[in-house]
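First up is the structure itself, then whatever we jot down about it.
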Amino acid sequence: MRSSVLLRTTAAVVVIGAILGVAAAFVATSRQAPTSSVAPTDPSGGPTAGSPRFGPAAGAGMSYVGTAFPGPYATPTADKAQSKLWHVGGQWWGVMLGPAGAWTVHRLDWASQTWQDTGTFVDERPEADADVLWDGAHVYVVSAGDDPTSSTGALRLARFSPLEEGSGYAMDPGYPIALTTGGVRSATLAKDSTGRLWTVFQSGDSIQVAYTLGDDRTWTSPAALPAETTPVSQDESVAVVAYASRIGAMWSNQVDGAFYFASRADTAEPDQWSAGRRVFEGTSAADDHINVKVDAGGRILAIIKTAFNDLEDRRPDSPGTVLLAMEPNGRWSQHTVSRVEDRHTRPILLVDEALGHVHVFAADALGGTVYRKTARLEALEFAEGIGDVFVTSSEHTTTTAPTSTKQAVDAASGLVVLASDPDTQNYVHGSMALGGPEPGTGPPAPPLSEPGIVAFFDDRFDTVPPGEPPGNGWTLSEAGTLTTAADGAESPVSAVLSAPAGSTEARACKTVPRSGAGTLAIEMSVRLTGSVGSSVEVASIRGAGRELVSVRLAPGGAADYFDAAQKFTVLGVHVPGAWYRSSVTIDIEARTYGWELSDLASGTPVLTVSSAAWLPAESTEIDRLCVEVSEESLASLQFDDVLASRLGE
């Protein structure tokens with residue numbers, strides 16, 4: 001219900017089997033890694049311009065130093081089972097953590113090998129881990145923190161649609177939605193042949209599953225995976241995968257030293273899973289490292305890491321990483337990729353059907369390098385040794401945690417692996433052409449928003465059935481009701497906040513990415529219904545639990561705002577029942593704000609406030625947007641089209 005004439009001042013644009021027994025003394029061995037040096041060209045046929053490059057052995061791709069991310073946060077390219085990248089038409093995209101601390105959609109410019117922030121907001125929680133699925137029509141992202149007792153770490157699903165001419169992606173209305181009440185570990189996502197979405201993850205000592213019911217927004221409550229009956233440790237890895245008209249789940253269990261697999265047919269009842277089958281087991285056989293792909297024949301390929309390196313009598317030639325393959329007939333085979341002495345950790349794999357290759361990428365356990373090993377798909381036989389250097393940097397010597405895409409790669413896409421250095425807080429990636437024209441060629445795709453703008457969220461409620469909670473991360477902090485209501489042609493569905501008799505006030509809030517610098521702006525369409533007996537806060541901007549900015553619609557058509565502690569009232573501003581567009585722009589460093597209220601239909605400003613000081617408070621960061629009504633107001637606040645962005649740092 002955004003007006004065709006949206007108010008956008010310069011600052012306002014920123015709105016806000018069993019395995020061999022192993023027992024022998026481990027002897028530390030030295031190893032010779034391929035030499036890395038700065039190279040003027042890429043022998044694999046990749047790009048030669050752009051960000052700093054580090055050229056490994058011939059044919060092993062090129063490394064590029066990328067953007068910085070804020071600390072102190074865990075490695076943003078984790079978790080092992082997850083994928084952070086996808087590609088469409090030769091163009092690579094990723095969900096990455098930006099300098100401002102929010103997850104946004106990035107685009108890889110292949111010619112310069114630089115990641116460009118498109119400004120499309122994904123998640124404001126820098127500590128969250130994300131998994132990305134591209135199904136040919138939408139990008140789906142599940143993201144969560146790992147603290148099961150924290151509601152702020154809840155598992156969320158967001159869906160994005162591509163914009164015209166491949167210029168970027170936009171979050172669909174009605175997203176994100178919460179799938180759990182607390183944090184989870186290793187959440188991954190898949191879609192079966194019927195269009196049903198599945199997510200599997202670890203919660204406590206249990207492997208949990210949830211799935212959609214009829215549409216992408218309607219989900220079951222999480223429940224224990226029916227096939228999983230043995231409690232797991234608090235630190236496992238789990239992956240869900242769609243294959244051959246089935247859904248499969250693989251998980252580690254470090255308690256009994258095994259990797260398990262279970263599956264169900266897409267046509268079966270959702271809770272009809274096969275029994276969990278041990279597909280790799282032994283003393284210290286299981287570590288919490290899994291990454292799963294499917295080849296064109298429906299064969300499951302899973303790379304896992306053993307924990308044989310943890311044995312006191314470990315042997316350097318014991319399997320370190322192993323590729324497990326399940327044929328369509330259900331028979332499993334095991335293929336050693338690296339040995340304990342190779343120090344490989346956090347392995348992932350990619351499938352190249354055109355060339356008939358499977359590539360395994362793994363980080364050095366001491367950090368600094370990601371290696372590549374390749375085998376033919378029909379044989380799955382890997383050469384001895386650590387492999388070729390694929391991602392490295394002399395500046396970022398603890399680079400680790402490779403991630404890539406769930407999709408197969410080919411000549412049109414090329415190959416990209418993203419890693420990160422948690423110590424220097426920087427992304428590093430490797431890329432390699434696969435024999436075709438340079439990926440990503442064609443006209444450059446423009447960013448989704450203007451340079452420097454990070455669009456945090458754009459909430460519209462049209463996809464939410466009337467009478468249901470609005471979702472989208474909005475929570476009711478006080479007594480009262482927060483629901484959606486139909487509202488005719490102008491706004492088919494909007495959110496409605498009311499404070500029924502007997503309640504003191506009703507406050508609805510949504511988290512805004514923590515902002516300590518730059519310009520923040522909040523826009524929303526608002527209207528009051530009922531008798532306005534007292535002021536209604538149409539924007540309460542908060543930080544660390546303190547109110548910093550408050551703008552209100554008051555009785556008699558008046559409007560209230562504050563300049564520092566002093567309250568000002570402007571008469572004759574609004575008419576109850578009419579829709580207005582409220583735009584609040586905030587200079588965080590100067591601790592000032594502006595407010596513009598406009599008639600929604602005409603776009604005509606009815607109130608303009610500039611350079612007003614924040615309310616006195618000690619907080620220097622903004623982290624929440626709230627709206628509030630009280631019983632005394634006798635009115636309900638309808639709001640819609642809530643747009644939040646930030647410009648600059």
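Of note:
- In the stretch 50-204, the portion of solvent-accessible area held by carbon and sulfur atoms comes to 52 percent [1.4 Å probe, whole percent, DNA, RNA and ligands not counted].
- The stretch 580-606 versus the stretch 315-361: alpha-carbon centroid distance in Å: 57
- The stretch 124-217, accessible area per residue, ligands and nucleic acids excluded (1.4 Å, Å²): 34
- If you bin all the Cα-Cα distances of the stretch 581-641 at 5 Å, starting from zero, the percentages per bin are 4, 13, 19, 20, 21, 17, 6, 1.
- Under 19 Å of direct C-alpha separation, and excluding same-chain neighbours fewer than eight residues apart, Lys80 reaches these lysines: Lys293, Lys305, Lys373, Lys406.
- Each pair of Cα atoms in the stretch 546-608 enters the Kirkwood radius, and Stokes-Einstein at 10 °C and 1.306 mPa s then converts it into a translational diffusion coefficient of 127 µm²/s.
- Converting the Cα gyration tensor eigenvalues of the stretch 199-320 into ellipsoid dimensions via √(5λ) gives semi-axes, longest first, of 28, 16, 11 Å.
- For the stretch 575-635, carbon and sulfur atoms together expose 50% of the accessible surface, with a 1.4 angstrom probe and every protein chain in place.
- Packing-based ranking of 392-401, 292-301 yields 392-401, 292-301, ordered from highest to lowest mean Cβ neighbour count within 10 Å.
- Tyr593 contributes an accessible area of around 10 Å² to the protein surface, as traced by a 1.4 Å probe with all chains present.
- Assuming charge only on the beta carbon of Lys and Arg (+1) and of Asp and Glu (-1), the dipole of the stretch 273-367 about its Cα centre is about 240 debye to the nearest 20.
- Across the options Ala265, Pro328, Leu225, the greatest Cα extent toward the positive end of the charge dipole of the stretch 210-348 (unit charges at beta carbon of Lys, Arg, Asp, Glu) belongs to Pro328.
- Euclidean distance between Cα centres, the stretch 233-265 to the stretch 127-149, Å: 18
- Rounded accessible area of Trp110 (nearest 10 Å², 1.4 Å probe): 10
- Over the stretch 339-437, accessible surface divided per residue gives 31 Å², non-protein components excluded, 1.4 Å probe.
- When the alpha-carbon atoms of the stretch 336-386 are used, the pair Rg, Dmax equals 11.1, 34 angstrom.
- Dipole magnitude for the stretch 549-632: about 240 debye, using +1 per Lys or Arg Cβ and -1 per Asp or Glu Cβ, origin at the Cα centre.
- Estimated vicinal HN-Hα couplings, Hz - the stretch 190-201 in sequence order (Karplus 6.51, -1.76, 1.60; Gly, Pro = x): 8, 10, 7, 5, 8, x, 7, 8, 10, 10, 10, 7
- Within straight-line cross-link reach of Lys510, lysines at Cα separation under 26 Å, skipping those fewer than 8 residues along the same chain: Lys84, Lys567
- Accessible-area ranking of Ser151, Ser550, largest first, probe 1.4 Å: Ser151, Ser550
- Backbone amide hydrogens, once placed in the peptide plane, bring Asn291 within less than 5 Å of Ile303, excluding anything fewer than 5 places away on its chain.
- Amide H contacts of Leu548: Ile541, Arg542, Gly543, each under 5 Å away and 5 or more positions distant or on a separate chain (H built 1.01 Å from N in the peptide plane; Pro and chain starts excluded).
- With DNA, RNA and ligands ignored, accessible area of His335 (1.4 Å probe; Å², nearest 10): 40
- Taking the protein heavy atoms of the stretch 301-443 in the context of the full set of protein chains, the accessible area attributed to carbon and sulfur is 46 percent at 1.4 Å.
The values are calculated or read from the model by the stated rules, or taken from the named source; none is laboratory data. Owing to the predicted nature of the structure, the values given are computational and were not obtained by experimental measurement. So basically every Cβ, Gly included, is an ideal-geometry build from the backbone, and we count neighbours across all protein chains shown. Surface areas here come from the heavy atoms of the whole protein model, side chains and all, with no ligands, DNA or RNA. Shrake-Rupley method; radii C 1.70, N 1.55, O 1.52, S 1.80 Å.
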